[in-house]
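Notes follow the structure.
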Amino acid sequence: MSKLTTASTFTDKLPAAFLEATRAIMPADLSMDDFIAACQRPLRPSLRVNTLKISVTDFLELAGGYQWELEPVPWCAEGFWINRNVQDDTRLGNALSHLAGLFYIQEASSMLPVTALFANDTQPVLVMDVAAAPGSKTTQIAALMKNQGGIIANEYSASRVKVLHANISRCGVSNTALTHFDGRVFGAALPETFDAILLDAPCSGEGVIRKDPDAMSNWSENSVTEIAATQRELIDSAFHALKPGGVLVYSTCTLNAQENQQVCQWLLDTYADAVEVESLAELFPDADKAVTPQGYLHVFPQVYDSEGFFVARFRKTDPVPRLPVPGYKVGRFPFSPLSRQDSAEIIKAAGLSGLVWPENQYTLWQRDKEIWIFPAVLEPVFGKVRFSRIGVRLAERFPKGFRWQHEAVVAFSVADSKNRFEINDELAQSWFRGVDIYPDDTPPADECLVTWLGQPLGLAKRIGSRIKNSLPRELVRDGAIRPQTLSND
Ligand SMILES: C[S@@+](CC[C@H](N)C(=O)[O-])C[C@H]1O[C@@H](n2cnc3c(N)ncnc32)[C@H](O)[C@@H]1O
């Protein structure tokens with residue numbers, strides 16, 4: 001089959017109105033033919049190193065051992081394309097190093113919005129991620145904040161809140177609270193609260209055809225108009241929730257002007273005296289290839305050989321009139337703070353099991369027998385909205401002590417703890433497959449912190465020569481694979 005026939009078969013599947021609209025907005029230095037050719041090439045897999053768990057230098061050394069060929073993503077110091085020896089995302093997702101949270105599989109252009117949020121040495125303390133699942137950008141934000149300060153990560157879809165939580169937990173993120181609302185509520189519920197807000201908006205997904213050729217099956221001009229109306233309401237709400245002086249990044253993985261430039265223009269027109277665009281022209285050395293006259297990044301797939309993306313950065317220069325206070329009741333906050341003495345006791349007991357955290361950044365709370373650890377900077381918003389989860393579930397209290405929870409072990413275990421027991425690749429593979437393991441040598445304590453490459457996999461009981469698997473059932477991966485097996489054969 002000739003190239004031409006292939007291209008026309010491909011374009012036959014795309015709505016004519018989409019092709020026409022894209023042709024109309026294609027910048028003069030780019031061509032529609034290159035756009036269509038790029039959309040048909042498989043997407044280069046890429047990952048972002050999770051610096052909450054491993055430094056980029058150490059990760060590169062590890063990946064070198066796996067013979068992964070990594071090419072830096074120019075706009076994200078932790079991002080890399082994987083050029084060789086990895087066939088697909090599924091196998092990468094089952095690699096031990098992924099299950100242990102060392103990296104996040106994230107499309108390269110999707111790393112741009114968070115880079116834009118932290119540009120010009122922006123160091124926010126309180127951040128909102130309005131549309132957060134599955135969590136690629138929440139985990140990227142948490143890593144750049146070094147797990148300090150606080151993030152509210154919101155997601156409208158209930159099933160996606162679960163995936164968001166799983167990713168946050170796998171990556172050892174501890175400074176985040178999750179909410180489950182329509183993002184349009186925050187402007188009224190939490191006015192002028194955040195130093196920085198990311199609105200990675202729901203969109204028509206025109207930029208992701210490369211990964212998912214069916215992405216356009218629900219596309220229509222009407223649906224674009226409807227989504228753009230929602231996006232305007234979401235950006236309005238986000239703008240109200242932003243502190244004066246704060247930064248708002250608006251992003252989509254779509255290409256049309258209605259959902260991108262026009263939503264931004266609506267914000268600029270509506271709050272003309274209170275908002276400024278901050279140009280992204282110098283976000284990274286090659287940014288000029290995608291920058292628009294307004295200073296936004298409009299990434300067509302052929303420009304950086306990536307998915308399509310749009311990113312805009314705004315500064316709120318002045319307050320705007322507040323929205324009416326919401327009439328709904330939030331309900332009673334179900335947690336109570338632990339006393340100083342109780343906290344001190346728990347901190348001591350946790351330390352003996354190898355769990356340590358910066359005490360000035362977190363406070364301990366309880367709900368019945370459960371002990372939770374909450375980022376202290378989020379306390380002022382408790383009671384103002386209902387949370388699905390806050391921080392990390394630390395322990396369950398029993399008459400004779402505490403049962404430390406898996407997510408706390410992943411987030412707070414210290415590498416040099418006395419009860420640490422390092423296992424090899426083969427045992428780690430069995431661990432993630434959910435079975436008990438039988439190491440050749442004996443763990444140092446009855447309750448040991450099982451680690452692989454120094455990363456905590458769980459706190460487990462030794463019973464004779466066996467270590468009882470403590471991985472929560474929902475984290476078991478039958479396909480868990482040792483990294484060396486990620487080859488092309
Ligand atoms: C582009 S995706 C977000 C991707 C995410 N930021 C990441 O990087 O992993 C948009 C998300 O918005 C959610 N969503 C849809 N409508 C929403 C609304 N009204 N308010 C908040 N989130 C919404 C969708 O369920 C979807 O998970």
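Overview of results
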{"item": "Cα convex hull of the range 72-214, projected area averaged across orientations, nm²", "result": "9.4"}
{"item": "Rounded to 5, the percent of DSSP beta bridges in the chain classed as antiparallel", "result": "70"}
{"item": "Percentage of interatomic Cα-Cα distances in the range 336-411 larger than 14 Å", "result": "60"}
{"item": "Pairs of Cα atoms farther than 34 Å apart, the chain, %", "result": "39"}
{"item": "In Å, descending, principal axis extents of the Cα set of the range 108-316", "result": "39, 37, 35"}
{"item": "Kirkwood hydrodynamic radius of the range 237-277, from inverse mean 1/r over distinct Cα pairs, in Å", "result": "11.1"}
{"item": "Accessible area per residue, Å², the chain with all protein chains present, probe 1.4 Å", "result": "44"}
{"item": "Reference-scaled alpha-carbon Rg (2.2 N^0.38 Å with N residues) for the range 263-331", "result": "1.52"}
{"item": "Cα-based Rg and Dmax for the range 197-350, where Dmax is the largest Cα-Cα distance (Å)", "result": "20.4, 62"}
{"item": "Radius 12 Å from Cβ of residue 430, net charge of other residues (Lys, Arg +1; Asp, Glu -1)", "result": "0"}
{"item": "Local electrostatic count, residue 323, Cβ distance below 13 Å [Lys/Arg +1, Asp/Glu -1]", "result": "-1"}
{"item": "In Å, descending, principal axis extents of the Cα set of the range 109-165", "result": "35, 25, 15"}
{"item": "Net +/- balance of residues flanking residue 335 in space, Cβ distance below 15 Å, scoring K and R +1, D and E -1", "result": "+3"}
{"item": "Heavy-atom accessible area order for 438, 304, 328, largest first, 1.4 Å probe", "result": "438, 328, 304"}
{"item": "Over the range 201-328, relative contact order from alpha-carbon pairs under 8 Å, at least 6 apart, %", "result": "30"}
{"item": "Quarter of the Cα convex hull surface for the range 128-210, i.e. its orientation-mean projected area (nm²)", "result": "6.0"}
{"item": "Helix 16-25 vs. the chain, principal-axis angle (Cα, 0 to 90°, nearest 10)", "result": "80"}
{"item": "Cα long-axis angle, helix 340-352 against the chain (0 to 90 degrees, to the nearest 10)", "result": "80"}
{"item": "Entries of 348/400; 369/418; 137/243; 13/289 with Cα pairs more than 19 Å apart", "result": "369/418; 137/243; 13/289"}
{"item": "Percent accessible area from carbon and sulfur atoms, the chain, protein chains only, probe 1.4 Å", "result": "50"}
{"item": "Rg in Å to one decimal, and Dmax rounded to a whole Å, for the range 18-111 via C-alpha atoms", "result": "16.2, 47"}
{"item": "Mean Cα-pair separation over length for the chain, i.e. relative contact order, pairs under 8 Å, 6 or more apart, %", "result": "15"}
{"item": "With all protein chains modelled, accessible area of residue 25 [1.4 Å, Å²]", "result": "50"}
{"item": "Semi-axes of the equivalent ellipsoid for the range 414-485, Cα gyration tensor, largest first, Å", "result": "18, 13, 12"}
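The values are calculated or read from the model by the stated rules, or taken from the named source; none is laboratory data. Note that this is a predicted model, so its numbers are computed, not measured. Backbone-built Cβ (ideal geometry, glycine too); neighbour counts: all protein chains shown. These area figures cover heavy atoms from the full protein model, side chains too; ligands, DNA and RNA do not enter into them. Shrake-Rupley method; radii C 1.70, N 1.55, O 1.52, S 1.80 Å.
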